[in-house]
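Everything below concerns the one structure shown next.
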Amino acid sequence: MGRSTKSSRPGAGRQRRRVVPLEPVPAGRMRSVFALLCVGIVGLMGRMAWLQVFQASELEARARSVQTQRTQPLGTRRPIVDRTGRLVALDEERYRLWLHPRYFNLPGDVPTLIRPPADVAARLAPLLTLTEAEILQRIGDRPSGIKLIEGLDPETASTIRSAGISGVDLESYPYRVYPQGDLFANVVGFLNQDREPQAGLEQSRHDELQRHEQARSLRRGADGTPLPDNLDAGVFFGDDLRLQLTLDARLQAVAAKALAAQIKTWKAQKGVAIVMDVTNGELLALASVPTYDPNSYWSFPAGRFREWSVQDLYEPGSTFKPINLALALQENAIQTTGRVQDSGSVTIGGWPINNHDRRANGLIDFATVLQVSSNVGMVQAMRKLPSSTYWDWLSRLGLDARPDTDLPGAVAGQLKTKEQFTTQPIEPATASFGQGFSLTPLKLVQLHALLANGGRLVSPHITRGLRAGDALAPPGSRQGKPLLKPEVTRTVMAWMESVVEKGSGKGVRTPGYRIGGKTGTAQKALNGVYVPGALICSFVATLPVDDPRYVVLVVVDEPQGDNAYGSTVALPVAKSIIDGLLVIEKIPPSTARTPASAQPG
């Protein structure tokens, strides 16, 4: 009865739930599932072991390559300064401007908007030296990687960066600048567009001028924060060393200006002016004309990149006569009170030798020989010195050897073989008045410094080395190899002073100062043959004679005109340099002396 009552209730069938009977899982299936799970776990453990044990170093390297930023050295160079600290060469930061049109977007634009090149060109043109049309022409239809311009200064680059234009990138790089223009080009040289040294000290001192730089590897965290680990010692070290010259920009400017004016006046091929400190060999000035501007070297002929005063040979002529007299005095071949007979001409080995003015000066002392620049008198004086001994001295002075100098490209002079010199009488005869052999202007300055400093052969140089910060290197100490007796050099200096007082060097006289000098006007030889009408005019001065400190040499190649002599062409340049030297070096007036007319001989 109870069962029928229950079944008659409405919805009772819908509430009945189906009961699924549980069946036992077969043991084989359980074992299969368990085995499968175990295999998976073992596989994961094996994979972890493989990654952590066998691939750990490879994965770590890959991670570090993503996390590490490596920067290569920029190749910056140290500055060059003159002896007072004035900048001669330095690296400045410049920028290249790159365009990527596929990313062009202006401030305020929707990030997905790509601006046409004309919009960006309109923004950039007022900031550059290019017009909109020129910018669009360079862009063309290229989508990216367009180098628009280079050489931008930091101020312009900052203005462009502040414009916030997407697709416009600035790349910084070091750029070599020469603030003094052409003033030191002949000795400093320049870097080409690839920053490769091409001439001068930039080339010869390349290793010293390169800054100490290392490639930098900096790790960063996920948020870009630098991590201070794994950095090599000294990786951020940067030196402030500068290469200091012995040259003085003020005196260099005086010499260059005076020399350039005289080269133009006499329509000469070239010229050089050198000032040396005879005590230590430092060059205070080395001006060469014509020259070039290293900031725009491509605008000048390549021949100007050579410094001819250390690379080209010439016959010194009469400026070598004081050196010859010193050699004869050193060997006691002549005496300070000696005299020679000047008949105006003499024949040696069948070759006639004449004075430049063909005038006979009679019996004259050696001071007068220099005053009138007597070729015959020099031949007579040097004939008293055995030719073998004479040649030995010329070789000992280094005429046929490269000078010990830091000037790049310096070459040795040319001297006849000892056999030629001793067996052919004409050779020592022509050498007595400075012809028949050749040397560089730099070598002649060195030899006149030998006379001025008491007989020591100093090494001419233009650098004082590397200095840090604002510190400047002091002048070098007295040095040099002794070759001549001091009393010999003092005698010759007195004779050279008489040239300024009474002879062809009168134009360089300066009230209150004792100056010695010697003019020279020599024939120019080319490939062993004298060029008709071609002359080399020169003048060398030493001051002050009472305490010699400086030698000034001026050489002018092939001046044009009938009145071209050492006294008219080269001497005025030396006078301008001496006037500037007295002021710059604050040289006090000379001490009282015995008049030149009362000197022995």
Quick check: is even one residue across the range 130-153 within 34 Å of the chain's Cα centre (by Cα), free of Cβ contacts under 8 Å to residues at least 24 places away in the same chain and part of a helix (DSSP H, G or I)? no
What residue, among those in the range 87-114 that are surrounded by fewer than 18 Cβ atoms within 10 Å (Cβ to Cβ) and among the basic types (Lys, Arg), is farthest from residue 190 (Cα to Cα)? 102
Among residues of the range 462-477 being under 19 Å from the mean Cα position of the chain (by Cα) and outside any strand (DSSP E or B), the residue surrounded by the most Cβ atoms within 10 Å (Cβ to Cβ) is 462
Given the conditions (1) loosely packed, with under 15 Cβ neighbours inside 10 Å; (2) under 29 Å from the mean Cα position of the chain (by Cα); (3) part of a helix (DSSP H, G or I), every one holds for residue 203 apart from (1)
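Among what's in the range 102-121 and is of a type in the set (A, V, I, L, M, F, W, C) and assigned to a loop (DSSP other than H, G, I, E, B), pick the residue that is nearest to residue 148 (Cα to Cα).
Of the range 102-121, the ones of a type in the set (A, V, I, L, M, F, W, C) are 104, 106, 110, 113-114, 118, 120-121.
Checking which are assigned to a loop (DSSP other than H, G, I, E, B) leaves us with 104, 106, 110, 113-114.
Details: 104: 14, 106: 18, 110: 26, 113: 22, 114: 19 Å.
Among them, the one singled out is 104.
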Under 8 Å by Cβ, and 6 or more places apart or on different chains, what pairs join a residue from the range 462-476 that is closer than 26 Å to residue 309 by Cβ with one that is loosely packed, with under 15 Cβ neighbours inside 10 Å and charged (D, E, K, R)? 466/208
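Look at the range 262-303 and say how many of its residues are touching a residue at least 60 places away in the same chain (Cβ under 8 Å) and either in a helix (DSSP H, G or I) or among the hydroxyl-bearing types (Ser, Thr, Tyr) (or both). Step through it out loud before you land on a result.
Residues of the range 262-303 touching a residue at least 60 places away in the same chain (Cβ under 8 Å): 262-263, 266-288, 291-295, 297.
Then drop every residue that is not either in a helix (DSSP H, G or I) or among the hydroxyl-bearing types (Ser, Thr, Tyr) (or both), which leaves 262-263, 279, 288, 291-292, 294-295, 297.
Residues meeting the conditions: 9.
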For residue 218, indicate whether it is assigned to a strand (DSSP E or B) and either β-branched (Val, Ile, Thr) or at pLDDT below 95 (or both). yes
If residue 388 passes every condition in (1) at pLDDT 95 or above; (2) crowded, with 19+ Cβ neighbours inside 10 Å; (3) among the hydroxyl-bearing types (Ser, Thr, Tyr) but one, which one does it miss? (2)
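If you take the residues in the range 285-296 that are in contact with a strand residue (DSSP E or B) (Cβ under 9 Å, 6 or more places away or on another chain) and not polar (S, T, N, Q), which one is surrounded by the fewest Cβ atoms within 10 Å (Cβ to Cβ)? Reasoning before the result, please.
Let us first name the residues in the range 285-296 that are in contact with a strand residue (DSSP E or B) (Cβ under 9 Å, 6 or more places away or on another chain), namely 285-290, 294-295.
Right, trim to not polar (S, T, N, Q) and you get 285-287, 289-290, 294.
Values: 285: 27, 286: 28, 287: 29, 289: 25, 290: 16, 294: 28.
Looking at the filtered set, the residue picked out is 290.
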Out of 315, 307, report the one residue that is buried (at least 21 other Cβ atoms within 10 Å of the Cβ) and within 30 Å of residue 89 (Cα to Cα). 307
For the range 554-601: of the residues being polar (S, T, N, Q) and not in a helix (DSSP H, G or I), which is modelled with the lowest pLDDT? 599
Go through the range 523-548 and report how many residues are under 30 Å from residue 512 (Cα atoms) and not aromatic (Phe, Trp, Tyr). 11
If we scan the range 262-284, do we find a residue that is aliphatic (A, V, I, L, M), within 17 Å of residue 180 (Cα to Cα) and crowded, with 21+ Cβ neighbours inside 10 Å? yes
From 375, 361, which residue is buried (at least 16 other Cβ atoms within 10 Å of the Cβ), out of contact with any Leu (no Cβ under 9 Å at 6 or more places or on another chain) and free of Cβ contacts under 8 Å to residues at least 24 places away in the same chain? 361
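Looking at the range 555-569, which of its residues are within 21 Å of residue 312 (Cα to Cα), over 31 Å from the mean Cα position of the chain (by Cα) and not aromatic (Phe, Trp, Tyr)?
560
The values are calculated or read from the model by the stated rules, or taken from the named source; none is laboratory data. Remember, it's a predicted structure, so these values are computed and weren't measured experimentally. Neighbour counts run over all protein chains shown; Cβ positions are idealised from the backbone, glycine included.
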